[in-house]
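What follows draws every value from the coordinates through simple rules; no lab data is involved. On a predicted model such as this, the values are computed, not experimentally measured, just so you know. Neighbour counts run over all protein chains shown; Cβ positions are idealised from the backbone, glycine included.
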Amino acid sequence: QKEVEQNSGPLSVPEGAIASLNCTYSDRGSQSFFWYRQYSGKSPELIMFIYSNGDKEDGRFTAQLNKASQYVSLLIRDSQPSDSATYLCAVKRGSTLGRLYFGRGTQLTVWP
Amino acid sequence: DTGVSQDPRHKITKRGQNVTFRCDPISEHNRLYWYRQTLGQGPEFLTYFQNEAQLEKSRLLSDRFSAERPKGSFSTLEIQRTEQGDSAMYLCASIPTGGETQYFGPGTRLLVL
């Protein structure tokens, strides 16, 4: 079982719609959860992180964490074509020195 | 520019050659990480430094790989006797003391022919 699993997609949504990206993780001791966006050929850039169960909102982005289900999601409201990228879920386990475990990413396309 | 920088941005080499990459973290970030990313995959952890001490190495880091951070500032990653399977994007990230978020550099894309 992989540490972090994501549906690789591709996920395609129309402009203005809500895009929903999902991630599950295997280690119950995981402490911190991160969403990165990666444009083709570029390095990952942080969108947001979450530590506690529930929702965390930042502009058009909402991260949701359910530790009991070992599930993290990212909602993108009012999706824009510029949101088209690969979204990486990353997890920091409690037993490690800060290394991140990444999923393989979900490719999102927002069409005008 | 106060972000993480990496050099070179691209490297093409022949199999069997040695290559060295450099990472300059954000100033005063004491923690530095190296990752490798192949096409269609997420980044995979290679090694971690806190100041000049290398505290963790992945099993992915074979004997052909070595990393240093001699003065606790910039770091180098060397690959000896490169193989075609080493072709990947090599990413460096840094975190400040007490921080949680890893900030990535632009990466070095390696192609081994």
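Name the chymotrypsin sites (Phe, Trp or Tyr not before Pro) in the range A:43-91 that are in a loop by DSSP and that have at most 16 other C-beta atoms within 10 Å, would you? Display every interim value, and only then the final one.
Working: sites: A:Phe49, A:Tyr51, A:Phe61, A:Tyr71, A:Tyr87; in loops: A:Tyr51.
Those that pass, being in a loop and sparsely packed, are A:Tyr51.
From the P(r) of chain B, could you give the percentage of C-alpha pairs in the tail past 25 Å?
Details: 961 of 6328 pairs.
The calculated P(r) of chain B puts 15 percent of pairs beyond 25 Å.
For the protein assembly as shown, report the % of Cα-Cα distances exceeding 26 Å. Can you show the working numbers first?
On the way: 9384 of 25200 pairs.
Looking at the protein assembly as shown, the distances longer than 26 Å represent 37 percent of pairs.
How many angstrom lie between the C-alpha centres of the range A:59-112 and the range B:57-85?
Cα centroid of the range A:59-112 versus Cα centroid of the range B:57-85: 29 Å apart.
Which loop-located GluC sites (Glu not before Pro) does the range A:1-59 contain, where loop means any DSSP state but H, G, I, E or B and the Cβ has at most 10 other Cβ atoms within 10 Å?
Values: sites: A:Glu3, A:Glu5, A:Glu15, A:Glu45, A:Glu57; in loops: A:Glu3, A:Glu15.
Sites meeting the loop and neighbour criteria: none at all.
How long is the range B:37-78 along each principal axis, judged by its Cα atoms, biggest number first, in Å?
That works out to 34, 19, 16 Å along the principal axes.
Which whole number gives the average, over all residues in B:39-46, of C-beta atoms from other chains lying within 10 Å of the residue C-beta?
On the way: counts 0, 5, 6, 17, 10, 4, 6, 1.
For peptide B:39-46, the averaged partner shielding equals 6.
R0 = 35 Å: FRET efficiency of A:Tyr51 with B:Arg15, Cβ-based, nearest 0.05?
Values: r = 44 Å, r/R0 = 1.27.
After rounding, the FRET efficiency stands at 0.20.
Starting from the Kirkwood radius over alpha-carbon pairs of chain A, derive D by Stokes-Einstein at 37 °C in a medium of 0.692 mPa s and give it in µm² s⁻¹.
Values: Rh = 14.0 Å.
Approximately 235 µm²/s, per Stokes-Einstein.
Counting only other chains, what is the mean number of Cβ atoms within 10 angstrom of the Cβ of each residue in peptide B:80-93? Before the final figure, lay out the partial values.
On the way: counts 0, 0, 0, 0, 0, 0, 0, 0, 0, 3, 0, 2, 1, 6.
Across B:80-93, the average partner-chain Cβ count within 10 Å equals 1.
How about A:Lys92: which aspartates and glutamates have a C-alpha closer than 15 Å to its C-alpha, ignoring those fewer than 8 places off in the same chain?
A:Glu3, A:Glu5, A:Asp27, B:Glu44, B:Glu56, B:Glu100
So which of B:Lys11/B:Lys71; A:Lys56/B:Lys57; A:Lys2/B:Lys14 end up more than 27 Å apart by C-alpha?
On the way: B:Lys11/B:Lys71 25 Å; A:Lys56/B:Lys57 33 Å; A:Lys2/B:Lys14 33 Å.
The pairs that break the limit, which is 27 Å between Cα atoms, are A:Lys56/B:Lys57; A:Lys2/B:Lys14.
What is the sum of charges, Lys and Arg at +1 and Asp and Glu at -1, for the other residues whose Cβ falls under 11 Å from the Cβ of B:Gln80?
-2
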